[in-house]
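Data first, discussion second: the structure below is written as structure tokens.
The values are calculated or read from the model by the stated rules, or taken from the named source; none is laboratory data. Owing to the predicted nature of the structure, the values given are computational and were not obtained by experimental measurement. Here the Cβ positions follow ideal geometry from the backbone for every residue, glycine too, while neighbour counts run over all protein chains shown. Accessible surface is based on the protein model in full, side chains and every heavy atom, while ligands, DNA and RNA are left aside. Shrake-Rupley method; radii C 1.70, N 1.55, O 1.52, S 1.80 Å.
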Amino acid sequence: IESLIIADHFNPDISSLILNYSLISLKQIEIGHCCFENVNRFEIDGLNELESLVIGNMSFFLDENNRIGSSCVIMNCDQLSEIHFGYYSFFWYESFELKNLSSLISIQLDYHAFCSCYSMAFESMKD
């Protein structure tokens, strides 16, 4: 499987979404608008074929009551070159980390993406 495309308004009853080595062949991830509401942990780790990540508007949208410990971590994706976060995505998330993304060229954060986030870390990007 090379592409993971999730339609708008997909909201399973989960609190974490972790995409890791089990999906190693993914090249593209597109998450639609208003998805994964109330998910307070989003992690991508070790998807070495991943080239593009697009998160739609108002996805991973929290409120003040369920934001405690919320985090978005994207790391160890050798080919990831572009990331786009739609407006109001990851609203109320506490932390955002990008680590070991040696091919990253572009990060686009639309209006109020990561609004109220108090910790951002960008580590070991390009040498």
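For the range 55-74, filtering for residues that are modelled with pLDDT of 95 or more, aliphatic (A, V, I, L, M) and open to solvent by 10 Å² or more (accessible area, probe 1.4 Å) leaves 2. Suppose the filter is of a type outside the set (S, T, Y), touching an Asp or Glu at 6+ places or on another chain (Cβ under 9 Å) and free of Cβ contacts under 8 Å to residues at least 40 places away in the same chain; does I83 pass it? For I83, the condition - of a type outside the set (S, T, Y), touching an Asp or Glu at 6+ places or on another chain (Cβ under 9 Å) and free of Cβ contacts under 8 Å to residues at least 40 places away in the same chain - is not met. Quick one: how many residues across the range 85-113 are within 15 Å of E43 (Cα to Cα) and either among the hydrophobic types (A, V, I, L, M, F, W, C) or within 14 Å of the chain's Cα centre (by Cα) (or both)? So the count comes out to 11.
Conditions (1) farther than 18 Å from D63 by Cβ; (2) in contact with a strand residue (DSSP E or B) (Cβ under 7 Å, 6 or more places away or on another chain); (3) part of a strand (DSSP E or B); (4) hydroxyl-bearing (S, T, Y), marked per residue:
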| position | (1), (2), (3), (4) |
| --- | --- |
| Y88 | no, no, no, yes |
| Y93 | no, yes, no, yes |
| S103 | yes, no, no, yes |
| C115 | no, no, no, no |
| A121 | yes, yes, yes, no |
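Within the range 75-104, the set of residues being open to solvent by 40 Å² or more (accessible area, probe 1.4 Å) and under 23 Å from N20 (Cβ atoms) comprises N76, D78, Q79, E82, H84, E97, K99, N100, S102. Within the range 1-54, restricting attention to residues that are over 23 Å from S81 (Cβ atoms) and not in a loop (DSSP other than H, G, I, E, B), the residue that is most open to solvent (accessible area, probe 1.4 Å) is R41.
This table checks each residue for (1) touching a residue at least 60 places away in the same chain (Cβ under 8 Å); (2) under 22 Å from E2 (Cα atoms); (3) not hydrophobic (A, V, I, L, M, F, W, C).
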position: N40; (1), (2), (3): no, no, yes
position: I74; (1), (2), (3): no, yes, no
position: Y87; (1), (2), (3): no, no, yes
position: E97; (1), (2), (3): no, no, yes
position: A113; (1), (2), (3): no, no, no
